[in-house]
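The structure appears below as structure tokens.
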Amino acid sequence: RVCLNSSKPSMQCTARIVVSADAPHIVLLSDSSLAELLEYSPHEVVGRSMKFFLGPSTDSVLIHSAIKSACFNKTTTIPTVLYGRHGHPRSLIFTCSPFYDGGLMQGCQIELENSEATSQQVILDDSSGAKAIVSAQHPHVVEMVNEGFTAMFGFTKAQVIGRSLRSIHGPSTDIARWHAMVRSACTGRVSRDSLIVCSSSCTEFLAAFTVVPVIGNQCENITSLAVIIEWQAPPARDRPCSLPQPRSLPQPHRSPQCQQPAVEPFCAQETYPNTAAPWSHCSHGQQLPTDCATCPPTDPSPCFFPDFIAAGSHSVSSMPSWGGGGGGALLATPPHPP
């Protein structure tokens with residue numbers, strides 16, 4: 001027995017019974033919470049078929065399918081309507097799972113709890129927030145929207161009714177979380193989550209969603225879902241951005257006598273013919289790799305040492321060591337200038 005609120009046990013308690021896996025599904029065990037839900041005591045139901053819970057609004061095919069799935073070790077949660085001692089229908093959440101005793105499957109355990117479904121009139125009487133009523137069956141077509149919905153998203157009622165709520169989904173909408181909320185509401189539970197949605201002007205924003213199951217006027221079955229949407233401010237960032245920072249590129253090896261310019265120029269006196277050794281002279285005509293004595297540190301055309309670069313090569317080579325400079329550095333051959 002599980003009671004979440006002792007002051008309202010009939011609304012918050014879960015009753016458990018164990019039935020046989022074979023038809024007509026005889027009740028094998030029952031707890032005392034069943035009296036709070038359907039007004040039956042345990043000794044009144046044990047040994048009887050669970051058919052006396054069923055009535056005109058009960059989907060018996062769905063119940064038998066859930067019991068059959070439990071025989072294959074699968075837990076199923078469905079909305080259903082069962083009848084109490086006085087013949088009043090009750091909208092319940094029906095969860096069926098396999099029951100093991102002594103390591104062997106002895107039957108199916110059924111957990112019954114009150115559904116959180118409400119009437120459509122209760123939803124419409126509350127004028128706060130943007131609301132949309134969608135069908136409980138896939139693809140969950142919109143049946144009606146209020147003025148708050150059209151004001152929030154910029155759609156007219158004619159543009160929304162008769163279509164699914166995909167019209168408010170954007171590139172950043174988490175579709176999996178939206179479907180999880182809908183599936184939970186279809187079983188009879190109120191589901192809540194936050195999603196990024198998109199308006200008619202293609203503006204994305206964060207909104208808080210509440211999906212409420214809605215029962216019909218003539219029966220206790222869930223016929224539609226009420227989607228309540230409220231604008232939600234995005235959470236403040238409590239930590240710095242973790243995006244990777246840009247890395248500095250390795251610098252080419254240069255002569256100790258030449259400083260690194262802001263922009264690497266090419267040799268001023270070279271015309272770059274198709275020779276075997278491009279960039280083989282500095283701006284003062286000195287043959288490389290010998291150091292140029294006339295190149296001052298502020299010369300705009302510093303001396304390069306690319307004699308080790310083969311003609312037309314674009315591979316990575318190792319630089320020899322001159323003087324006491326750091327040899328063995330790797331340098332990628334720059335492309336030929338235009």
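The values are calculated or read from the model by the stated rules, or taken from the named source; none is laboratory data. Not measured: the values here are computed from a predicted model. Don't worry about glycine lacking a Cβ; one is built from the backbone with ideal geometry, like all the others, and counts go over all protein chains shown.
Summary table
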{"read-out": "Residue in the stretch 65-73 that is aromatic (Phe, Trp, Tyr) and in a loop (DSSP other than H, G, I, E, B) present", "value": "yes"}
{"read-out": "Close pairs (9 angstrom Cβ cut-off, 6 or more residues apart or separate chains): among the polar types (S, T, N, Q) in the stretch 125-148, surrounded by 14 or more Cβ atoms within 10 Å (Cβ to Cβ) and in a loop (DSSP other than H, G, I, E, B) anywhere", "value": "127/146; 135/141; 146/129"}
{"read-out": "Number of the exception - residue 118 against (1) within 24 Å of the chain's Cα centre (by Cα); (2) surrounded by 15 or more Cβ atoms within 10 Å (Cβ to Cβ); (3) of a type in the set (Ser, Thr, Tyr)", "value": "(1)"}
{"read-out": "Any hit, the stretch 78-95, residues being at pLDDT 90 or above, touching a Cys at 6+ places or on another chain (Cβ under 6 Å), at negative phi and in a strand (DSSP E or B)", "value": "no"}
